[in-house]
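To start, the structure under review is shown below, and the notes come after it.
The values are calculated or read from the model by the stated rules, or taken from the named source; none is laboratory data. Computed from a prediction, not measured in an experiment: that's the story for all the values here. Note that each Cβ is placed from the backbone with ideal geometry, even for glycine, and that neighbours are counted across all protein chains shown. We work out accessible area using only protein heavy atoms, side chains counted, and drop any ligands, DNA or RNA first. Shrake-Rupley method; radii C 1.70, N 1.55, O 1.52, S 1.80 Å.
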Amino acid sequence: QVQLQESGPGLVKPSQTLSLTCSVSGDSITTSYYAWSWIRQPPGKGLEWLGVIGPGGNTDYVPSLKSRTSISRDTSKNQFSLQLRSVTPEDTAVYYCAKSPGSDYEVLDYWGQGTQVTVSS
């Protein structure tokens, strides 16, 4: 049974970098075929997939945010992280980390509980 938990600051100022960490237990983030994603949900809107990191450290990002987004991992801690640069109030959302069992990144079988991040001065 895999568990995921997001952590990081709940308030970020405009133009700064939003940084979140997902701690994974019950499985290894290097397990073959698994992929690990970040998703967000702005107030009153639907879920938006942000990006993913695969078992070998390969990454992919939604085109609209690719220039501002980085996903990295620390295999010794079984964690992966999100950095979203140059944030604006439109980046305010609940941010989730989640696991995909295979190559289809839209299939997400385990989720963290989510963490609210507000971008405001």
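Values as computed for the structure displayed
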{"item": "Test: Trp36 is under 10 Å from the mean Cα position of the chain (by Cα), under 14 Å from Ala98 (Cα atoms) and open to solvent by 50 Å² or more (accessible area, probe 1.4 Å)", "result": "no"}
{"item": "Segments classed as strands (runs of 3 or more DSSP E), wholly inside the stretch 66-121, with at least 3 members that are over 14 Å from Leu50 (Cα atoms)", "result": "115-119"}
{"item": "From Pro89, Pro55, Pro42, residue being farther than 23 Å from Ser121 by Cα and surrounded by fewer than 18 Cβ atoms within 10 Å (Cβ to Cβ)", "result": "Pro55"}
{"item": "Restricting the stretch 41-65 to residues that are in contact with a Phe, Trp or Tyr (Cβ under 7 Å, 6 or more places away or on another chain) and part of a loop (DSSP other than H, G, I, E, B), the residue that is nearest to Ser15 (Cα to Cα)", "result": "Val62"}
